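For reference, the structure discussed in these notes is given below.
Any read-out appearing in this document is the output of simple, stated calculations on the displayed coordinates, not a laboratory observation. Every value quoted in this text rests on a predicted model; they were computed, and no experiment measured them. Cβ placement follows ideal geometry from the backbone for every residue including glycine, while neighbour counts extend to all protein chains displayed.
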Amino acid sequence: MHIITVDGPSGVGKGTLSQWLCSKTHFQLLDSGAIYRALAYGSVVEKIAITDVKGLATLAANLPVSFEGTSVLYQGKDVTPQIRNEETAAIASVVAAIPEVRSALLQRQKDFAQAPGLIADGRDMGTVVFPQAAVKLFLTASAEERAKRRVNQLKNQGVNANINQIIRDIEERDERDRTRSASPLIPAEDAIEIDTTSLNIEEVCQIAEKALLKQGILV
């Protein structure tokens, strides 16, 4: 069984690349970011404060989240639109920095690794959750480029957005992720780093494809 990890901050193209990898390999997808966002959503639903470490860890250990294709279900209800908004993302970034929360979700993420293989999309997939992965990809992009992508995404949804505020939010979230004591956002020593700032998705996929061919995962 092969495991491929795709790590990096938000807005760098992890989700698109992971979906493409799944289509090429027919491996299962683990979107760890969706799990943390579902936890953030659940904390609001259950009225658990982000300062309530014990409450958050308990919810994480028993998180009623499941997946159907690209949809994320919480207690059997499709909450995909709700967990993709900026407010939920901000809460997710905060709770993800809590060691007790990360510990509670660790084994649950490991359990997704089943034959024939797994594409693990996240922030610490290659460093903490699956350090034994056959291929580790780490995507980056400038905050400005990531903000442009987010603004375009919101415009397509009919939502007006302030690009300067989004840049600030991205930079603050990146700083929290990089400096947290539990599983900081850093590339694994053996990761292939891809700066997607000036690359289109086809070019990113070509780099990933070469890495899979080299490991014999694709022929």
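What the table below lists for this structure:
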{"quantity": "Chain lengthening between Val45 and Lys110 when straightened (0.36 nm per residue, less Cα-Cα)", "calculated": "20.8 nm"}
{"quantity": "Per DSSP, loop trypsin sites (Lys or Arg not before Pro) in the stretch 1-94 with at most 13 further Cβ within 10 Å", "calculated": "Lys47"}
{"quantity": "The chain: calculated mean residue ellipticity at 222 nm from DSSP helix runs of at least 4, using -39500 (n - 2.57)", "calculated": "-15000 deg cm²/dmol"}
{"quantity": "13 Å reach of a label modelled at Gln28, 7 Å along Cα-to-Cβ, counting backbone N of the stretch 89-126", "calculated": "108-120"}
{"quantity": "At most 15 other Cβ within 10 Å, DSSP loop - GluC sites (Glu not before Pro), the stretch 1-99", "calculated": "Glu46"}
{"quantity": "Long-range lysine pairs (8 or more apart or interchain), the chain, Cα under 13 Å", "calculated": "4"}
{"quantity": "Student exercise, the stretch 1-82 dipole from Lys, Arg, Asp, Glu Cβ charges, in Debye to nearest 20", "calculated": "40"}
{"quantity": "Chain lengthening between Glu175 and Gln132 when straightened (0.36 nm per residue, less Cα-Cα)", "calculated": "12.8 nm"}
{"quantity": "Backbone N within the stretch 79-105 under 17 Å of label point (7 Å from Lys54 Cα along the Cβ vector)", "calculated": "99-101, 104"}
{"quantity": "Of all DSSP beta bridges in the chain, antiparallel share, percent nearest 5", "calculated": "25"}
{"quantity": "C-alpha center-to-center spacing [the stretch 31-48, the stretch 94-147] in angstrom", "calculated": "16"}
{"quantity": "Convex hull volume of the stretch 2-211 per residue (C-alpha atoms, cubic angstrom)", "calculated": "119"}
